[in-house]
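Single-structure report; data block below.
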Amino acid sequence: MNVSYQLFLIIPPGLEDLALKEIELKCPIAPVQIHKGGLELNADINWIIKAHTELKIPTRILMRLTTFKVRDFPKLYQKFVAFKWNDYLSHPTPVWEISCSKSRLIHTGRIEETVQKALTEAMRKQPLGKDWEKKNYSPQTFYIRLVDDELTLSLDLSGEPLYKRGFQKIKGEAPIRENFAAAFAFEILSDLKDPAPLIDPMCGSGTLLTEALTFYRPLHLRKFSFEEAPFFKGKLIKLAPESNSLPVSQAIGYDINGELLSKVSKELDDNLPITLKAQDSLIEKFPIDNSVILCNPPYGERIQIEGKRGSFLKEAWTKFMQDDRPLRFGWVLPSDMDDLFSNPKGYKLKTKRHLKNGGMAVTFWIWERI
């Protein structure tokens with residue numbers, strides 16, 4: 001009998017609906033509760049494996065371990081001493097991530113000190129095995145969240161954030177996070193009737209293109225934290241074959257940084273048919289018609305641009321929409337520039353999605369040719 005665990009998938013705020021659609025396509029399960037910044041559900045270890053190797057939009061997956069009311073440190077200590085740590089703990093010195101809101105216990109330093117003392121006492125009664133030393137396990141991360149005097153203890157199952165896929169090491173100066181790139185590619189491409197060329201005119205290290213081509217590809221090029229947990233019990237992870245793909249007929253990236261493109265080309269998987277070319281996309285027209293253009297242009301923050309960013313982006317907008325005339329055009333811009341762009345002639349607005357990217361408020365736009 002498979003044990004069902006309560007899980008919380010951390011999702012970048014604003015992408016929750018796309019993350020739910022991805023689950024419905026790749027590893028359907030019900031019910032799923034949608035919260036700001038995450039999805040809550042119950043699933044077994046097989047689903048946990050599938051989710052980690054196939055889902056591209058979540059940031060990480062947490063396992064909810066216990067929830068209880070606590071208003072003082074003695075009770076906090078007692079609860080953590082009595083907790084069945086041997087069911088979940090694989091390393092004697094975990095990392096604690098603690099947050100408090102509207103609770104009597106608000107001193108995160110003292111909370112950490114209390115739970116660490118409780119864990120040390122608990123380990124005397126239920127000693128941890130020596131696997132962590134023999135197999136060189138990494139410390140786990142436990143999340144303690146206190147809201148209105150209710151404490152929730154969760155275990156991070158993922159380890160490094162899931163957008164660190166493990167297969168693309170070369171990065172530009174301001175790369176988009178892989179889970180954002182996957183969500184944007186999924187949204188602009190998934191409902192196309194026929195495959196279309198995908199063009200990124202300012203591709204940098206090509207993250208938007210690689211995420212589009214690998215959206216349905218199961219990946220296990222790195223370790224996940226849950227693989228060292230006692231409840232995993234050394235199961236063998238078997239990746240399902242890639243059974244679907246986003247409708248991309250060819251993937252083409254342009255950038256003015258030819259040196260970066262050369263490095264990326266050498267690193268690309270042979271199974272990723274991406275064409276990279278050094279050129280200024282504001283000058284040269286793309287040689288392919290009826291394409292989908294998707295890009296994360298520089299804003300003048302980490303990558304310098306000539307002149308004011310509004311003028312630069314308006315020039316790019318005009319060139320792409322009037323000269324290249326794609327089937328669809330999507331890009332992500334700082335939200336303080338929303339008023340600079342309106343529906344161009346012959347296009348309708350398909351998506352306007354508000355997000356935070358690296359702490360900056362941004363808007364993801366998609367226009368579709370009529």
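The values are calculated or read from the model by the stated rules, or taken from the named source; none is laboratory data. Since this is a predicted model, take the numbers as computed values, not measurements. Using ideal geometry, Cβ is built from the backbone for each residue, glycine included, and neighbour counts are taken over all protein chains shown.
Within the range 120-228, which helices (runs of 4 or more DSSP H) (wholly inside it) include 1 or more residues that are in the same structural domain as Val332 (by TED's automatic domain parsing) and closer than 30 Å to Pro287 by Cα?
178-189, 207-213
Residue by residue through the range 289-300, note down the ones that are surrounded by 13 or more Cβ atoms within 10 Å (Cβ to Cβ) and either farther than 16 Å from Lys319 by Cα or at pLDDT below 90 (or both).
Pro298, Tyr299, Gly300
Give the residue that is farthest from the chain's Cα centre (by Cα), with candidates limited to residues of the range 48-68 that are outside any helix (DSSP H, G or I) and farther than 15 Å from Leu155 by Cβ.
Phe68
Looking at the range 240-287 only, could you name the residues that are part of a loop (DSSP other than H, G, I, E, B), touching a Lys or Arg at 6+ places or on another chain (Cβ under 9 Å) and surrounded by fewer than 20 Cβ atoms within 10 Å (Cβ to Cβ)?
Ala240, Glu242, Asn244, Ser245, Pro247, Asn271, Leu282, Ile283, Lys285
Just to be sure, is Ser225 of a type in the set (S, T, N, Q), over 24 Å from Ile188 (Cα atoms) and either in contact with a strand residue (DSSP E or B) (Cβ under 8 Å, 6 or more places away or on another chain) or in contact (Cβ under 8 Å) with a residue 24 or more places away in the chain (or both)?
Criteria met by Ser225.
Would you point out the residue of the range 162-211, among those that are hydroxyl-bearing (Ser, Thr, Tyr) and crowded, with 20+ Cβ neighbours inside 10 Å, that is nearest to the chain's Cα centre (by Cα)?
Filtering first and then ranking leaves Tyr163.
Would you be able to tell me the number of residues in the range 1-21 that are surrounded by 12 or more Cβ atoms within 10 Å (Cβ to Cβ), touching a helix residue (DSSP H, G or I) at 6+ places or on another chain (Cβ under 8 Å) and closer than 14 Å to Trp47 by Cα?
So the answer is 3.
For the structure I just gave you, tell me whether Glu178 is at pLDDT 95 or above, charged (D, E, K, R) and within 30 Å of Phe142 (Cα to Cα).
yes
Find the residue count for the range 359-370, including only residues that are touching a residue at least 12 places away in the same chain (Cβ under 8 Å) and under 25 Å from the mean Cα position of the chain (by Cα).
Adding up the residues that qualify gives 8.
Per-residue answers, yes or no, for (1) farther than 30 Å from Lys233 by Cα; (2) of a type in the set (Gly, Ala, Ser); (3) surrounded by 15 or more Cβ atoms within 10 Å (Cβ to Cβ):
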site: Asp87; (1), (2), (3): no, no, no
site: Lys102; (1), (2), (3): yes, no, no
site: Gly109; (1), (2), (3): yes, yes, no
site: Glu112; (1), (2), (3): no, no, yes
site: Ala122; (1), (2), (3): no, yes, yes
site: Leu128; (1), (2), (3): no, no, yes
site: Asn136; (1), (2), (3): no, no, no
